[in-house]
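Scroll down for the structure; my scribbles are underneath it.
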Amino acid sequence: MIDPSTNTWVQVAFIDEIAERLDQFLAPQRCHFEDIFHVLETLESYRAGWESGTHERYKPRPGAFFAPSDERYFNLMWLIAAKRGLLEAVAEQVGESLSRFERDGRHQWFREFWADALRRATWDIGTLNYDNLLEQIDVELEDGFPSNPKWARFDPHRLWTSRRSRILHLHGSIFYGYLPFSEQKQFIDYDEDLCKYRSSTEARETWFGKSSATAQSHEESVIGPLITGLRKTDKLTVHPYDEYQAVFRRAVYKSDRLLIAGYSFGDLYLNSIIDRMLGLHGSSRRIVIVTWFPGEKHSWHCDPRVLNQNHGWPGTEMYSSLGIAMDSVQPLGSSLTYKDKLVSADGCCRVYLGGTQEAFEKYGEEILDFLISD
């Protein structure tokens, strides 16, 4: 990057500096990827807002009450490069993970569970992962994108009227990219609408080089193929995210069966939907939550304050949602002995603590019977 003080090319560990400063601020907790991305978006918002020639639309109102303490963190080129670098790093990690997926080998347990589940019932599957692992199951899933040799435009009608199981990539996919400019329809397509490409390589060719959206708060809101940061609800207003969120909400309100696997309950807008299950469905609800207790079994404690201090788990949001799902003020029970399965007093919710693989391999049939039973 260009060092503004010397106007020369230098190697700058800008993301590391952001992370280090965040860690100092959040201590004893540490920042994560979404924290960093949110900070980069916000820094860019105020950098632009403080310029005298900036239109009022791009001036975050709180900027009138404070000023930068360190100009280094408001370098435009550094901010652009850091945001791009983070998204590229995530995409590369997802791609590497996909290349190691062995659907007929060591990950056969994953394919077999979902193939069995999809044969036994029709599902609406909401995923926060950026991969296409679920599309590699033996049953065809509907995502609202028709088949296309290179890229496909999202079709809401197709998604809503399909009788197949549906998959909702609520936060995007490495196979999503922007519509080719020549294909955009005036007054119909939003500039940030996404389409689906046949390969992640082709999709990523469209990711960069365009301006970012602006939220109603007048802050930058990067709406793209990978939804991240802490301003997600501002980013779910384009295709396919708007329709996916609507389908997900309707599915929760309509069905009294819910399976949650590998979710840390960190997205408050999703929690607000999931947490309605008890009020909507009461004793007819059937909820399965598959999570992972990160400590050793001998270090189990039913008090969440002890667990959180020792293991950083389950966290306030997760514990709150567990309590609602279990209809209990003590969703982890009262025993000091670790159990890999917890069952609510009314029998309507089950929590599996050994992780997804253990739950699917050891309890897969039990989970499906519970969810599909009358």
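Read-outs throughout are calculated quantities, based only on the coordinates presented, and are distinct from any laboratory measurement. Nothing here was measured: the structure is a model prediction, and the numbers come from that model. Every residue, glycine among them, receives a Cβ derived from its backbone with ideal geometry; neighbour counts consider all protein chains shown.
Does anyone have the angle between helix 356-372 and the longest principal axis of the chain? Alpha-carbon axes, 0 to 90°, nearest 10? It works out to around 60 degrees. Its DSSP H runs of at least 4 residues, each contributing -39,500 (n - 2.57), put the calculated 222 nm mean residue ellipticity of the chain at -11500 deg cm²/dmol, to the nearest 500. Of interest is the spacing of the C-alpha centroids, which for the stretch 5-65 and the stretch 165-182 amounts to 28 Å.
Please identify the GluC sites (Glu not before Pro) of the stretch 278-374 that satisfy two criteria: DSSP loop assignment and at most 15 other Cβ atoms within 10 Å. Which are they? Numbers along the way, then the final one.
Working: sites: GLU296, GLU317, GLU358, GLU361, GLU365, GLU366; in loops: GLU296.
Counting only loop positions with at most 15 other Cβ atoms within 10 Å, the GluC sites (Glu not before Pro) in the stretch 278-374 are GLU296.
For Kirkwood radius over Cα pairs in Å, the candidate list reads (i) 23.7; (ii) 21.3; (iii) 22.9; the entry that matches the value derived from this model is (iii). Residues whose amide H lies under 5 Å from that of GLY126, counting only those 5 or more places away or on a different chain, are LEU168; hydrogens are built 1.01 Å from N in the peptide plane.
Report Rg/Rh for the stretch 129-278, rounded to two decimals, where Rg is the Cα radius of gyration and Rh the Kirkwood radius.
Numbers: Rg = 15.6 Å, Rh = 16.4 Å.
That ratio equals 0.95.
Is the shape of the stretch 216-305 rounded, prolate or oblate, going by the alpha carbon gyration tensor and its root eigenvalues a ≥ b ≥ c, with a/c under 1.5 for rounded and a/b larger than b/c for prolate? Oblate, since a/c reaches 1.5 and b/c is not below a/b.
In this structure the amide hydrogen of THR214, modeled in the peptide plane, comes within under 5 Å of the amide hydrogens of SER221, none closer than 5 places in sequence on its chain. Of the candidates SER173, SER45, SER199, which one comes out as most mobile in a Gaussian network treatment of the chain with C-alpha springs shorter than 10 Å? Fluctuation is largest for SER199.
Name the shape class, rounded, prolate or oblate, that the alpha-carbon gyration tensor gives for the stretch 93-132, where a ≥ b ≥ c are the square roots of its eigenvalues, rounded holds for a/c under 1.5, and otherwise prolate holds if a/b is larger than b/c and oblate otherwise. Present the calculation step by step, with values, prior to reporting the outcome.
On the way: a/c = 4.18, a/b = 1.38, b/c = 3.04.
In terms of gyration-tensor shape, oblate.
Positive contributions from Lys and Arg (+1) and negative ones from Asp and Glu (-1), summed over other residues with Cβ under 13 Å from the Cβ of ARG198, come out at 0. Run through every distinct alpha carbon pair of the stretch 2-99 and return the Kirkwood hydrodynamic radius in angstroms, one decimal place. Every distinct Cα pair counted, the radius reaches 15.1 Å.
Find out how many positive minus negative residues lie around ALA19, taking Lys and Arg as positive, Asp and Glu as negative, among other residues whose Cβ is under 10 Å from that of ALA19. Present the calculation step by step, with values, prior to reporting the outcome.
On the way: positive: ARG21, ARG30; negative: ASP16, GLU17, GLU20, ASP23, ASP35.
Result for the local shell: -3.
With a Cα cut-off of under 14 Å and a minimum spacing of 8 residues unless on different chains, the lysine pairs in the chain number 6.
With contacts defined as alpha carbon pairs under 8 Å and 6 or more residues apart, what's the relative contact order of the stretch 2-99 in percent?
Values: 50 pairs, mean separation 23.2, N = 98.
Taking the mean separation of contacting Cα pairs over the length of the stretch 2-99, I get 24 percent.
Can you give me the P(r) profile for the stretch 322-361? Cα pairs, bins 10 angstrom wide beginning at 0, each as a whole percent. For the stretch 322-361, the binned pair fractions read 31, 52, 17 percent.
Between the helical axis of 316-326 and the longest alpha-carbon principal axis of the chain there is an angle of about 30 degrees.
Indicate, rounded to the nearest 5 percent, the antiparallel portion of the DSSP beta bridges found entirely in the chain.
Details: 15 of 29 bridges.
That works out to approximately 50 percent antiparallel.
When the chain is treated as a Gaussian network with alpha carbon springs shorter than 10 Å, the biggest mean-square fluctuation among ILE273, ILE174, ILE287 belongs to ILE273. A Gaussian network model of the chain, with springs between Cα atoms under 10 Å, assigns the largest mean-square fluctuation among ILE36, ILE324, ILE80 to ILE80.
To the nearest ten degrees, helix 14-26 and the longest principal axis of the Cα atoms of the chain are 60 degrees apart.
In the stretch 250-374, the convex hull through the Cα atoms has an average projected area of 7.3 nm², a quarter of its surface area.
With point charges of +1 on the Cβ of Lys and Arg and -1 on the Cβ of Asp and Glu, referenced to the Cα centre of the stretch 2-99, which listed residue (ALA91, LEU22, GLY49) lies farthest in the positive direction of the dipole? Toward the positive end, the furthest listed residue is GLY49.
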